[in-house]
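Have a look at the structure below, then the notes.
Read the figures in this text as sums done on the coordinates, not as results from a lab. These numbers were taken from a predicted model, which means no experiment stands behind them. Cβ coordinates were reconstructed from backbone atoms using ideal geometry, including for glycine residues, and neighbour counts include every protein chain displayed.
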Amino acid sequence: MSKALTCAKGVYFEPQQAGFTLLEVMVAMFIFAVAGAAIIKTTTEHINSVGKLEEMTFATWVANNQLTRATLQSENTWPPKNNERGSVDMLDRTWYWKQEVQATTDENLKAIIISVGNDPEYKGTILSVTTYVAKSNG
């Protein structure tokens, strides 16, 4: 025998079962699936951007070191050497750098461009930095 409840007017009714319908459960699962996919996508993008930022930072250090070297060499050797290439081991990686010297409108001023990459064939460049050096008076 089922339990019956009485309301204020004396009408009897059967209690309804508590719970979710199949449609409600499927909608909730869909919402969680979409939210989960969005979280995974965002996390993956964040991890990729952290790796790229790390690579750019290290390449900047290599480029700045080579710019400093080129600037110091230009004090003794004028004009600076063009198309110089080399590699540097830094942070358990080998970085390949290339130096290009470009003329400016002033014959006593040269642009030095250092390009840094991780390809020994110099096909890909992570970053390039430029500085200008002047011919010393000495």
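Please work out whether the range 35-106 counts as rounded, prolate or oblate from its C-alpha gyration tensor, where a ≥ b ≥ c are the square roots of the eigenvalues and a/c under 1.5 means rounded, while otherwise a/b larger than b/c means prolate and anything else oblate? Here the range 35-106 falls in the prolate category. Packing, taken as the mean count of other beta carbons within 10 Å per residue, orders the peptides 106-119, 31-44, 79-92, 123-136 from highest to lowest as 106-119, 123-136, 79-92, 31-44. With helices as the sole contributors, the chain gives -15000 deg cm²/dmol at 222 nm; each DSSP H run of n ≥ 4 counts as -39500 (n - 2.57), and the sum is divided by every residue. Counting every alpha-carbon pair across the chain, the share separated by more than 25 Å comes to 58%.
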